[in-house]
Every structure is written in C-alpha cells, then in structure tokens.
Amino acid sequence: MARRSTGFRNKTRRLLSGAAEKRVTVASRMKEFKHGAKVVIRINPAIHDGIPHPRYYGALGTVIEKRGRSYVVEIKDGGKTKWLIAAGEHLKTI
C-alpha cells in the first residue's frame with residue numbers, strides 16, 4: 001500500500017475549499033494593516049502566496065511589523081507566543 005501523505009494541506013478539504021466570497025479582488029490584494037492592529041487569520045484558498053499554516057486558521061493575533069508584502073503576526077498557541085508571516089489577503093481585522 002502507498003504511504004499516506006502528510007503535506008502542508010493535509011486534511012484541509014473543507015477548510016480550504018474555495019467559496020464564492022473568497023474571490024480575489026483588487027481591494028483584497030491592497031489591504032493595509034497598522035502596527036498593533038488586531039487580526040484574525042482567515043486563509044483565502046484562491047491565493048497561494050503568503051499562506052500561513054492551516055493549523056492557525058481562525059487564530060487571533062496582533063500585527064507586529066510589515067515584511068515585504070506580508071505581515072508578521074504574533075499569536076498565542078497554548079502558553080507560547082509565536083510569530084507567523086502571512087500575506088494581507090489571509091488576514092481580517094476585528
């Protein structure tokens with residue numbers, strides 16, 4: 001038998017299925033976030049650049065800095081503080 005894949009998008013069929021509201025628009029590509037802004041990670045499956053790991057879908061975080069076209073977001077994972085790098089298309093303000 002073949003070995004089961006455990007890749008980046010493993011077990012994400014419903015999480016990353018393309019819904020109608022997740023279409024790519026110019027406004028979604030041009031979103032800007034200020035330092036200290038509270039954001040939620042909402043992965044847009046239509047855009048593959050700057051996608052954070054699907055494990056952190058729905059996580060609440062704070063924008064720390066802008067790095068190129070992406071943003072560094074600080075989140076709490078259990079008792080640890082982690083930094084994720086995600087493009088603005090995958091973030092939503094609260």
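The values are calculated or read from the model by the stated rules, or taken from the named source; none is laboratory data. Computed from a predicted model, the values in this text were never measured in an experiment. Here Cβ is always computed from backbone atoms with ideal geometry, including for glycine, and neighbour counts include all displayed protein chains.
Side notes on the structure shown:
- Members of segment 64-82 that are part of a strand (DSSP E or B), of a type outside the set (D, E, K, R) and surrounded by fewer than 12 Cβ atoms within 10 Å (Cβ to Cβ): T81
- Exactly one residue out of G61, G50, G36 is under 17 Å from K82 (Cα atoms), part of a loop (DSSP other than H, G, I, E, B), at pLDDT 95 or above and touching a strand residue (DSSP E or B) at 6+ places or on another chain (Cβ under 8 Å), and it is G36.
- Counted residues, segment 29-41 - those being within 20 Å of L16 (Cβ to Cβ) and either in contact with an Asp or Glu (Cβ under 9 Å, 6 or more places away or on another chain) or aromatic (F, W, Y) (or both): 2
- Segment 26-41, residues that are surrounded by fewer than 10 Cβ atoms within 10 Å (Cβ to Cβ) and either more than 16 Å from the chain's Cα centre (by Cα) or in contact (Cβ under 8 Å) with a residue 60 or more places away in the chain (or both): V26, A27, K34, G36
- The single condition among (1) in a loop (DSSP other than H, G, I, E, B); (2) closer than 13 Å to G88 by Cα that S5 does not satisfy is (2).
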